1. Scan the range 87-184 for trypsin sites (Lys or Arg not before Pro) in coil per DSSP, keeping those whose Cβ has at most 16 other Cβ atoms within 10 Å, and list them by number.
2. Which entries of K118/K183; K2/K72; K13/K166 show an alpha-carbon separation above 23 angstrom in the structure shown?
3. What size of dipole, in debye to the nearest 20, comes out for the chain about its Cα centre when the only charges are +1 on Lys and Arg C-beta atoms and -1 on Asp and Glu C-beta atoms?
Amino acid sequence: MKPGKIVFQGKSKSGRQIIFRYPAKDDLKSAWEYINTLSKEKTFILFQGEEVTLENEEKWLEGEINKISERKAIQLFAFASNKLIGISGVSMRDKAEKYIGNFGISLAKDFRGEGIGKLLTKAVLKETGKNLKDLKIITLGVFGNNSIAKKLYESMGFVEFGVLPKSLIRKGKFIDHIYMYKKV
Ligand SMILES: CC(C)(COP(=O)(O)OP(=O)(O)OC[C@H]1O[C@@H](n2cnc3c(N)ncnc32)[C@H](O)[C@@H]1OP(=O)(O)O)[C@@H](O)C(=O)NCCC(=O)NCCS
């Protein structure tokens, strides 16, 4: 898939114009600012205040672009008025797990609760169907107290298959990690 290729243009529930597209090398600064803002927020993601260096972000972005071109991953960046406001994708595992892909999603704080998460998830699933030929099962992990994300995943057909009790630390509290899957 070509870096920068647009796969969706539409409006959020509040009428904001949004675009989903594949990442490109030029997105480095935006992606770097994006992840560090989310990390500082300590939202329901694995980064909980850790700072990502520009060098590490560059490695991550280049790695994702390569995996996309090798059809081992889908990664879509969401933009509103040219600002990066969300990232979602699926990364294939390997060896005996090569038919499994891991899903992830996040949106910038000011853009949540207006349907963009659902649109982005749908767009990612559509792209996986077209490009990840080996994919048979999608898995994800979600903070046990992240009811909005759980609701979103259930509405997209994900089913819970396990819990690692009190295994995530967020804002000083131990939280269950819930695992979900969906057959494709
Ligand atoms: C989780 C996340 C991706 C969801 O995206 P979103 O755009 O906020 O969610 P949507 O507006 O598409 O809504 C998804 C569902 O949650 C519901 N929902 C959204 N905001 C809600 C709120 N504040 N209270 C209750 N329900 C809510 C919606 O009604 C919708 O349900 P429906 O399909 O039955 O209508 C986004 O909120 C986010 O990035 N959160 C922070 C990071 C995170 O949690 N990432 C997931 C890690 S597992």
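Computed from the coordinates by the stated procedures, all read-outs in this text should not be read as laboratory data. Being a predicted model, the structure only gives us computed values, none of them experimental. Quick reminder, even Gly has a Cβ in these numbers, built from the backbone with ideal geometry, and neighbours come from all protein chains shown.
1. Hits after loop and neighbour filter: R93, K98, R112, K133, K136, K171.
2. From K118/K183; K2/K72; K13/K166, over 23 Å: K13/K166.
3. Dipole about the Cα centre, nearest 20: 700 debye.
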